[in-house]
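In what follows, a single structure is set out as structure tokens and then discussed.
Since every read-out is calculated from the coordinates, none of them should be taken as a lab result. Bear in mind that the values here come from a model prediction, so they are computed numbers and not experimental data. Reconstructed Cβ throughout: ideal geometry from the backbone, glycine too, with neighbour counts over all protein chains shown.
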Amino acid sequence: MRLVIANRGEIARRILRAGRARGFEVAVVSTPGDAGSPVRREADAVLEVDSFLDGAAIVEAALRWRARLLHPGYGYLSENAGFARAVEEAGIGFVGPTPENMLALGGKESAKAVARACSVPVLEALLSGELAALPPAAWQDALAGRGILAPYLVKASGGGGGRGMRVVEEPAGLPDAVLRASREALASFGDGTVFVERLLRSPRHLEIQVFGDGRGGGVFLGERECSLQRRHQKVLEEAPSSVADPALREAMGRAALALVRHTAYRGAGTVEFLLDEAGAFHFLEMNTRLQVEHPVTELAYGVDLVLAQLDLAMGGWPATLGDPAVFAVPAPTGVALEARVLAEDPRNGFLPTPGPLRVYVEPSGPGVRVDSGVTQGGRVDAGFDSMIAKLVAWGPDRASAVARLAAALEDFTVLGCTTNLPFLQAVARSGDFLAGRESTGWIQEHLADLNAPLLPAACLAFFRSTAFREALSMAFRGAGAAAPGPAARFKAQAGCPELRTGGAQEKEVFHLEGGPVLFTLRGPALRRMLDGPVAPGERGPGLARALAAAGETDPALPFRACRLEGAGMAVAVFGETLVLEDPSADLARPRVQAAAGGGVNAPMAGRILECLVARGDEVEQGQLMFVLESMKMQFEITAPRAGTVAEVCVEVGQALQGPETVAVLA
């Protein structure tokens, strides 16, 4: 049996493992821009095309390779009915729902109609056809007539992942939000259709995993909690939900299976609901594909959803899923949590941070699973999404699962590009999260606390000190640690590097050992740092272990570090990632002349989608000047102050390799 995977990254590697478990030959679709992807080396064959969205080229390549099955993963063409039909018309089995299923349920608007037909509660909305039929000035009245008042939520009918979505606080902002959401949806999914619905400020987001037999039967595999989100994109998921009692679980399961029966749904799908403050659930949408967060269902319910997909595609019902003709409420065996490790900077507005993976070390241990699409030495490319890996932790109860997740997050090291690992660590330590108090608005409400430093002040001061940075810089060069005085210098040359962080007091002495990536810190200065004051929120799992070991005769602190481009050094310690300046690089650093009048800078690598100004234009502070696409998201670059555009440095379609000046204001 020959299987083609029409996707990339961690999901392609996940499907590859399942295909190998079934004894298949497996080919992966790829593009020249993804030439460094590990899955290309791991697959039996690589079918190269120009784009993951070029369905015709993918089908042609699969035919040439004589494929029997094609798995689309998620994203890209996974919910494209035309692509699914083309695959099946070519005589290749499509591992997913039928084209008819996608047409009925894959679009949010059509799915709302099906849900209403099945008597499932649905949020009121002004649909795309109604938006198009009315002038923008009439939208507010039309929405009010359905009981929908500001704030509104503009949503793409197709696709997901927060793309093509805009929150609109006032009616006057609707036309622009609809236009920009439509453009983003078109760029991401090839479908610019959008609609407007009622916004629930801080609901809980619960979803039901279903699996249909294609004849009206099917099963549901409990719920997943996906309430922890930023920009409508999920950050951390769990199964089962901490708030779903048996009655709610059964009610949502019956509602989800009503859609499966009505459409004779085939294969894996996810029916998503919003839970309001009164505890009532409302149908949100259905994802007619495998979901990013499917691993938590697999670990909580002891199933393999990808193997089940392959079994169904080969003509057999997966025995592990139970009888599709009998309704049953599944019982979870433990709790599973998934954290999405992303190349983004939560402390800088969650901006994407593509870049090299100079150090990449995954955690391991009982109850820990990592699905990743990268390896050390690779890079996160601005042309793709920001996903690096999914870290999944299982425990017999929620407390043990959370503890395992926090410890695994602390052991996860990614250096070279900024990631959300410290942010995830802060979420996992939060008292609200431990108690299950969360909603779709919780992250935004607690953003300042979640982005605060994880390390106590004494630890931060030590690692940022000139003495430590000098020692680390010299260790990278293999020169030992800098040390004052002939005796200390002799010790360094003899392989016993030591450094005094100030004065000659014995308590300030530390020793730095190891390299080139894994280092160990020892000495009295370490004990002094560990004995410093620690606030309750600063005491993470690793720091607690280090404090417990501080009574040892010679406590040791292992950490990972690497050089960055230019004058930077990165250190991963206690779950925090620190970017430090190399004091030895000061003299070699080139001096950059600031742009006359002040530059307008793009915040990250990406591609210029829109240029809305020209030389000589007068702009006001906050005026939109450029639209940048990076990692499948669109970002607006606005004027930092009022002024005259003295120079436009970019053009539409231009690719930026990093933060660059896009215009100069006089």
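For this structure, a couple of remarks:
- The angle between the Cα long axis of helix 108-117 and the longest principal axis of the Cα atoms of the chain comes to about 50 degrees, rounded to the nearest 10.
- Remark: the stretch 42-52, residue by residue, has Karplus-estimated 3J(HN,Hα) of 8, 6, 6, 8, 10, 9, 8, 10, 7, 8, 5 Hz, where x stands for each Gly or Pro and the curve is 6.51 cos²θ - 1.76 cosθ + 1.60 at θ = phi - 60°.
- Peptides 435-443, 646-654 ordered by average Cβ neighbours within 10 Å, highest first: 435-443, 646-654
- Per-residue Karplus couplings for the stretch 621-627, computed as 6.51 cos²θ - 1.76 cosθ + 1.60 with θ equal to phi - 60°, are listed in order as 4, x, 6, 5, 10, 9, 10 Hz, Gly and Pro entered as x.
- Listed peptides 61-67, 344-350 by packing density, highest first (mean Cβ within 10 Å): 344-350, 61-67
- Computed over the chain, Kirkwood Rh from alpha-carbon pairs, angstrom: 27.0
- 10 Å beta-carbon shell around VAL645, net charge (K/R +1, D/E -1): -2
- Protection proxy ranking, peptides 242-255, 207-220, average beta carbon neighbours within 10 Å, highest first: 207-220, 242-255
- Gap separating the Cα centres of the stretch 107-147 and the stretch 322-396, nearest whole Å: 35
- Between the helical axis of 398-411 and the longest alpha-carbon principal axis of the chain there is an angle of about 50 degrees.
- Relative contact order of the chain, taken over Cα pairs closer than 8 Å and 6 or more residues apart, is 9 percent.
- Nearest 10 degrees, 0 to 90: helix 246-263 Cα axis against the chain principal axis: 50
- Computed over the stretch 124-198, relative contact order equals 39 percent, with contacts defined as Cα pairs under 8 Å that lie 6+ residues apart.
- Annotation for the stretch 175-198 versus the stretch 200-262: alpha-carbon center distance of 25 Å.
- Most positive-pole-ward Cα, LEU134, LEU186, LEU149, against dipole of the stretch 124-198 from beta carbon charges: LEU186
- Summed side-chain charge close to PHE327 - residues other than PHE327 whose Cβ falls under 11 Å, Lys, Arg +1, Asp, Glu -1: 0
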